[in-house]
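As structure tokens, the structure follows; a few thoughts come after it.
The values are calculated or read from the model by the stated rules, or taken from the named source; none is laboratory data. Keep in mind it's a predicted model, so treat the numbers as computed, not measured. Cβ placement follows ideal geometry from the backbone for every residue including glycine, while neighbour counts extend to all protein chains displayed.
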């Protein structure tokens, strides 16, 4: 998966780079213009986990893909006038959609509150699902790694629960990694 270079590294370094990005954005720069200046790196070329929240001190000094950092910082200091723009821009890419999935109990969850965002989010996750599955056990909630994306508590599961998927189905292994079958079973789309 291609991901912006500034999201890879130690937690404090990634946070610092994300804050710089957000300062420029809040001064009026367009999101896509800022991103166009940042090289994308292929996750296959780097070791490290996709950190979905945290990390704990045990992982914070190592280099990882801190996928939640940018949106966590944005959501903590919400600019509601530009929130829709940010949400929609994140739906366009695999890394952006993964970022929206992160932080299953943190401030990013607030970006999913307007119900009109649920279905576009689910559609975007479905669009990139095979990419996440191919990444294998490379996901973490920040305390340890070695999890597949479905194994973690994510905003995807929060949104699916709000769409009527029972908790038992969200806690169970996903048969054949087939998210689309689950979505169809509960007639979400």
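Residue-wise test of (1) touching a residue at least 24 places away in the same chain (Cβ under 8 Å); (2) more than 13 Å from the chain's Cα centre (by Cα); (3) closer than 23 Å to residue 43 by Cβ.
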site: 121; (1), (2), (3): yes, no, yes
site: 128; (1), (2), (3): yes, no, yes
site: 132; (1), (2), (3): yes, no, yes
site: 140; (1), (2), (3): yes, no, yes
site: 144; (1), (2), (3): yes, yes, yes
site: 154; (1), (2), (3): yes, no, yes
site: 169; (1), (2), (3): no, yes, no
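Being part of a helix (DSSP H, G or I) and on the phi > 0 side of the Ramachandran plot is the filter here, so list the residues in segment 128-177 that pass it. First the steps, then the outcome.
Quick first cut of segment 128-177, residues part of a helix (DSSP H, G or I) only: 128-135, 149-151, 155-162, 167-171, 175-177.
Listed by number, the residues that qualify are 176, 177.
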Inset, instruction - Among the residues of segment 61-109, count how many are farther than 19 Å from residue 22 by Cα, modelled with pLDDT under 90 and buried (at least 17 other Cβ atoms within 10 Å of the Cβ). - result: 1
